[in-house]
Amino acid sequence: PSPDLHEAISSYSVAPVVCFGTIYGDSSGGKFTKHPDLRRVGCGLSKIDESGNLSWAISFNLPGKVQTVPRGELFAIVRAAQLAPDGATIDFVTDNQGNYDRFNSGKSAALLTNNGDLFKIIFDGIRVKELIFTVRWMPSHLDESDLHWLPPDISALDLKGNDWADKQADVAATL
């Protein structure tokens, strides 16, 4: 794999990004999302502290010829696993229910999907690095007025973290 699959620098810091704890990921097709031949999918990751302040956020493009937003959402999970140190615990929060469902259906089922190549990278990385890696789903594009109807495992902090990841994906989609 190319070096850009293994290294990332925060847009807010010159320090290398290390993934552990709760990580938020998102992707965007940008202004050409409805035009597959022009689409360049951007991805974003973010981490916030216990007060909801941004710890770091990064943006990057989805590599390869297949440029779909669901694949970009999955590549954000790949990147989080790649940036995790050995033995890390990651609670990855995504607003892509399909990738959440496929990840949580297990490796064997996930490998049979259209994006099985990326699922292989994820599950192999989890095994090799001995990660404790969970993927949690939340609805997208919400604000605190929506908290009353959300499942109990979705918090106001999750809304903030997801919003930061969404902004980073939008930035990358313009590159």
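The values are calculated or read from the model by the stated rules, or taken from the named source; none is laboratory data. All values derive from a computational prediction rather than experimental measurement. Glycine also receives a Cβ, built like all others from the backbone with ideal geometry; neighbour counts cover every protein chain displayed. We work out accessible area using only protein heavy atoms, side chains counted, and drop any ligands, DNA or RNA first. Shrake-Rupley method; radii C 1.70, N 1.55, O 1.52, S 1.80 Å.
Report every pair of residues separated by at least 6 positions or lying on different chains whose Cβ atoms are under 7 Å apart, first residue within the stretch 150-168 and on the phi < 0 side of the Ramachandran plot and crowded, with 16+ Cβ neighbours inside 10 Å, second modelled with pLDDT under 90 and part of a helix (DSSP H, G or I).
From the stretch 150-168, the pairs are L159/E144.
Look through the stretch 23-62, keep the residues that are basic (K, R) and open to solvent by 50 Å² or more (accessible area, probe 1.4 Å), and return whichever of them is nearest to the chain's Cα centre (by Cα).
Here is the first cut: in the stretch 23-62, the ones basic (K, R) are 31, 34, 39-40, 47.
Now drop any that are not open to solvent by 50 Å² or more (accessible area, probe 1.4 Å), which leaves 31, 34, 40.
On the way: K31: 20, K34: 21, R40: 16 Å.
It comes out as R40.
Grab the helices (runs of 4 or more DSSP H) fully contained in the stretch 63-148, keeping just those with 1 or more residues being more than 18 Å from G25 (Cβ to Cβ) and open to solvent by 30 Å² or more (accessible area, probe 1.4 Å). Outline the logic, then answer.
On the way: elements: 69-82, 97-104, 107-110, 116-129.
Answer list for the stretch 63-148: 107-110, 116-129.
Go over the candidates S51, S55, S11 one by one and state the one that is in a strand (DSSP E or B), of a type in the set (S, T, N, Q) and at pLDDT below 95.
Numbers: S51 fails: in a strand (DSSP E or B); S11 fails: in a strand (DSSP E or B).
That would be S55, the only listed residue that is in a strand (DSSP E or B), of a type in the set (S, T, N, Q) and at pLDDT below 95.
Go through the residues of the stretch 114-135 one by one and say whether even a single one is among the small types (G, A, S) and over 18 Å from the mean Cα position of the chain (by Cα).
Taking the stretch 114-135 first, the residues among the small types (G, A, S) are 116, 125.
Among the residues that remain, those that are also over 18 Å from the mean Cα position of the chain (by Cα) are: none.
There is no residue in the stretch 114-135 that is among the small types (G, A, S) and over 18 Å from the mean Cα position of the chain (by Cα).
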